[in-house]
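This report concerns only the one structure given below.
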Amino acid sequence: MFSFQTKVRYSEIDMDGRTTVSSIVNYFQDCSTFQSEHIGQGISTLIERGKGWLLTSWQVDIKRQLELGEEIKVGTWAHDFKGLYGARNFVIYDEKGEIAASANTLWALVDLQTGHPTKITEEDSKGYDLEPPLDMVYLPRKIKLPEESERLESFRVRRSNLDTNHHVNNGQYIELAEEYLPQGAFVKQMRAEYKKAAVYQDIIVPKQSIADGKYIIELCDENDNTYAVVEFVIS
């Protein structure tokens, strides 16, 4: 497992003084980026090869929110490479060494010229030593959409939503979707499915459905094509 130690910072907590789902996802994103850079598979190396890793889905299980100043350890490892896809687990340990949050992700290796997935070669996977998958209940990558949903007020993509790929960062979709949760809700599980990349100045039209403690937020374009679907299970 690759890991780094950090403290929960003020910028990563919400109005209640606890970590948000998006801040947990950002810890995980940072950890995978640090690992890739460490083993020589970082952003600049991939760009030279004309390739990039595109995240297709998240499943995040949260046992408890973290509080300001807590010392935590964030870890990640790859557990599968098959064809066009790679799978990666994440975990956050608290000060007692107990798991506060864990995750599974699926990534596609993409040809930057065509935008299409490309087969993972030995060169692409070098340095990612496969480890056994985390012991967790693995849910389907695809999120079942409700038959009916409420269309909410649209908004435009800002520069601050973008990452080095000039697309809306996958964590930003989750942060945008969190806006529609009731204040103080504890999210015990989040799933996200990514379908299309939004870019600067695109219009995002949110659609929301609520049933049985589940909030499903679809982030769509003006023609009803989906950018991302985020499902929150709250308690």
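The values are calculated or read from the model by the stated rules, or taken from the named source; none is laboratory data. Just so it is clear, the structure is predicted and the values come from calculations on it, not from any experiment. Heads up, the Cβs are rebuilt from the backbone with ideal geometry, glycines too, and the neighbour counts pull from every protein chain shown. The accessibility values were calculated without ligands, DNA or RNA, using every heavy atom of the protein model including side chains. Shrake-Rupley method; radii C 1.70, N 1.55, O 1.52, S 1.80 Å.
Does the stretch 76-177 come out rounded, prolate or oblate by the C-alpha gyration tensor, with a ≥ b ≥ c the root eigenvalues, rounded set by a/c under 1.5 and, if not, prolate when a/b is larger than b/c and oblate if not? Please report the intermediate quantities before stating the final value.
Values: a/c = 1.68, a/b = 1.20, b/c = 1.40.
In terms of gyration-tensor shape, oblate.
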Euclidean distance of C-alpha centroids, the stretch 115-170 and the stretch 1-50, integer Å | 14 Å
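Classify the stretch 139-235 from the C-alpha gyration tensor, please: rounded if a/c falls under 1.5, else prolate or oblate depending on whether a/b exceeds b/c.
Numbers: a/c = 1.64, a/b = 1.49, b/c = 1.11.
Because a/c hits 1.5 or more and a/b exceeds b/c, the stretch 139-235 counts as prolate.
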Nitroxide proxy distance, nm - points 7 Å out along Cα→Cβ at GLU95 and ILE47 | 4.0 nm
Run the numbers on the stretch 60-114 and let me know its relative contact order in percent, using alpha-carbon pairs under 8 Å that are six or more apart.
-> 35 percent
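With a cut-off of 8 Å between alpha carbons and a minimum separation of six or more residues, what is the relative contact order of the chain in percent?
On the way: 478 pairs, mean separation 45.0, N = 235.
Computed over the chain, the figure is 19 percent.
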Please give the solvent-accessible surface of TYR85 in Å², to the nearest 10, using a probe radius of 1.4 Å with every protein chain present.
-> 90 Å²
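Starting from the Cα gyration tensor of the chain, take the square roots of the eigenvalues, sort them a ≥ b ≥ c, and report rounded, prolate or oblate (rounded when a/c is under 1.5, otherwise prolate if a/b is larger than b/c, else oblate).
On the way: a/c = 1.59, a/b = 1.10, b/c = 1.44.
In terms of gyration-tensor shape, oblate.
With a probe of 1.4 Å, find how much accessible area the chain has per residue, and write the answer as a whole number in Å². Don't skip to the end; give the middle numbers.
On the way: 12530 Å² over 235 residues.
That works out to 53 Å² for each residue.
As a test of reading the structure, rank GLU98, GLU193, GLU147 by solvent-accessible area (1.4 Å probe, protein chains only), most first.
Highest to lowest solvent-accessible surface, that is GLU147, GLU98, GLU193.
What percent does the relative contact order of the stretch 101-234 come to when contacts are Cα pairs within less than 8 Å and at least six residues apart? Don't jump to the answer; show the numbers that get you there.
Working: 185 pairs, mean separation 30.9, N = 134.
Relative contact order of the stretch 101-234: 23 percent.
Could you work out what % of the accessible surface of the stretch 35-120 is carbon and sulfur, using a 1.4 angstrom probe and leaving DNA, RNA and ligands out of the count?
Carbon with sulfur: 51 percent of the solvent-accessible area.
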Please build a GNM for the chain, connecting alpha carbons under 10 Å apart, and tell me which residue among THR19, THR114, THR105 fluctuates the most.
-> THR114
Within the set ARG158, ARG64, ARG88, GNM on the chain using Cα springs under 10 Å gives the largest fluctuation to ARG158
When the chain is treated as a Gaussian network with springs between alpha carbons less than 10 Å apart, the largest mean-square fluctuation among VAL91, VAL21, VAL157 is found at VAL157
Where THR6, THR121 fall by accessible area, highest first, once all protein chains stay in place (1.4 Å) | THR121, THR6
